[in-house]
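The values are calculated or read from the model by the stated rules, or taken from the named source; none is laboratory data. Everything numeric here is computed off the predicted structure, so don't read it as measured data. All Cβ positions, glycine included, derive from the backbone under ideal geometry; neighbour counts span all protein chains shown. Quick note on the areas: whole protein, heavy atoms, side chains included, nothing else; ligands and nucleic acids left out. Shrake-Rupley method; radii C 1.70, N 1.55, O 1.52, S 1.80 Å.
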Amino acid sequence: MPHPLEQLRDDALREIGDAHDEKALDAVRVRHLGRSGSISAWGEQMKTLGKEERPVVGKLLNETRIAVTVAIEERAGTLRSQKENEAVANIDISLPGTPSERGSLHPITQILDRAIAIFRRMGFALADGPDIETEWHCFDALNTPPEHPARNEQDTFYLPDGRLLRTHTSTVQIRTMQAAPPPIRVIAPGAAYRRDEVDATHSAQFHQIEGLYVDENVSVADLKGTLEFFMRELFGAETEVQFRPHYFPFTEPSLEIYVKSKALKKGDQWIEVAGSGMVHPAVFEAANKERGDKAYDPEKWTGYAFGLGMDRLAMILFDIPDIRLFAQNDLRFLRQFA
Ligand code: DAH
């Protein structure tokens, strides 16, 4: 005859096996392991047993408790994974998934990346400077006198402390020369700001790539060769490049750069894309003054500089009719460049 405890254990194990959900299993647990469950009841009964019987029954009781506890844990694990399997089994893997939204680079970022890659191949390093600038870096150091219209409050965003949002990236020419002696070969991509009347071709914030090359015996021929190569890489080998005399305070001589390319929509038009010129000696002297040395001796060093209008270049390259599209965050527009 099995001991009643063995009977109890077998009953409990059968009930556990029959429990088909968590709730049923929990009821079994309470019935046997709970404070007033069958196994606890046996614990109470121990006290009434004689000395000889007690250790035998105690051992049996312990084994029963362990067996039932383990069986309940195992059953709980089985029920849990059954439930998970059922949940997965109901998924129709042939249904289309939820597509994840994919971002893409802004067209201005794309053209900046392309332009930077071209200049890097020619050995230009990247330089930068702050968007919030001093008047000195933006104008005085660039040989731009106090009465120059660019300095007018109508044209420039001034801060209460006298600093301003840079009106061009040419500030980085000065910052670069302050930081290192010649030779210099850098480009500085970045934003510039003007209080322009906003229209299809004017925006209060736009983007430029500034270039500065200072070495011994640099000439206009170097400037022309470099920028011609750049324009042909960007717009195609058939691109024509024209340099027209102009005036900038910080260069002498100064040249405006125009391109024309059959590869473009407006293939028969000359389009102005950059300002450039040979660095004015006064700019070298301003750098020297700030450095406190004669590193940029205009008798020894010459250089060229240029400023490319990147929004303009992007509009030409991608045939975009209105500069305001760049900042409107309209996905129908942006997706065309994804
Ligand atoms: N800073 C000028 C502008 O924003 C562009 C420019 C002209 C930059 C001539 C240059 C330069 O470096 O040499 O209109």
Charge sum, other residues only, whose C-beta stays under 12 Å from F230's C-beta, Lys/Arg counted +1 and Asp/Glu -1: +3
Net charge near P245: determine it from the other residues with C-beta under 12 Å of the C-beta of P245, scoring Lys and Arg +1 and Asp and Glu -1. -1
Translational D (Stokes-Einstein, µm²/s) of the range 234-289 at 10 °C and 1.306 mPa s when Rh comes from the Kirkwood sum over C-alpha pairs? 125 µm²/s
How would T201, T302 line up by accessible area, probe 1.4 Å, largest first? T201, T302
Once neighbouring chains are kept in place and the probe is 1.4 Å, which whole percent of the accessible area of the chain is contributed by carbon and sulfur? 51 percent
If you count only protein heavy atoms and use a 1.4 Å probe, how large is the accessible surface of L49, to the nearest 10 Å²? 40 Å²
Percent of Cα pairs exceeding the 14 Å cut-off, where the set is the range 209-268: 61 percent
Top to bottom by accessible area (1.4 Å), largest first, where do V241, V283, V220 land? V220, V241, V283
The range 294-323 and the range 167-223: distance between their alpha carbon centers, rounded to Å: 6 Å
What does the charge count near I257 come to, summing +1 for each Lys or Arg and -1 for each Asp or Glu among other residues with Cβ under 13 Å from its Cβ? +1
Expressed in square angstrom to the nearest 10, the accessible area of W270 with a 1.4 Å probe stands at 80 Å²
Cα convex hull volume per residue for the range 1-111 (Å³): 181 Å³
Unit charges at the beta carbon, dipole of the range 212-338: most positive-side option, T239, N288, F333: F333
Hey, what's the Cα Rg ratio for the range 245-338 versus the globular rule of thumb, 2.2 N^0.38 Å? 1.52
Which distance in nm do the two modelled labels at A204 and E252 give, with both placed 7 Å along the Cα-to-Cβ direction? 3.7 nm
Check each of the trypsin sites (Lys or Arg not before Pro) in the range 31-103 and keep only those in coil by DSSP with at most 12 other C-beta atoms within 10 angstrom; list them in order. R35, K47, K51, R102
Among R14, R312, R185, which one moves the most in a GNM of the chain with springs linking Cα atoms closer than 10 Å? R14
Largest first and to the nearest Å, give the Cα extent of the range 190-293 along each principal axis. 50, 36, 22
With the convex hull built on the Cα atoms of the range 135-218, state its orientation-averaged projected area in nm². 6.6 nm²
At a Cα cut-off below 28 Å, give the lysines reachable from K260, other chains included and same-chain residues fewer than 8 away excluded. K224
Two-decimal ratio, the range 68-116, of alpha-carbon radius of gyration to 2.2 N^0.38 Å: 2.57
What do the square roots of 5 times the Cα gyration tensor eigenvalues come to for the chain, in whole Å, largest first, as semi-axes of the equivalent ellipsoid? 84, 26, 19
Mind checking which of S94, P183, P160 is farthest towards the positive end of the chain's charge dipole, using Cβ charges of +1 (Lys, Arg) and -1 (Asp, Glu) about the Cα centre? S94
Alpha carbons only, please: Rg and Dmax for the range 82-150, in angstrom. 27.3, 83
Taking the solvent-accessible surface of protein heavy atoms with a 1.4 Å probe, what is the per residue accessible area of the range 148-288 in Å²? 46 Å²
If you plug each phi of the range 312-328 into the Karplus form 6.51 cos²θ - 1.76 cosθ + 1.60 with θ = phi - 60°, what whole-Hz ³J(HN,Hα) values come out, in order, with x for Gly and Pro? 4, 4, 5, 4, 5, 5, 9, 6, 9, x, 9, 5, 5, 4, 4, 10, 8
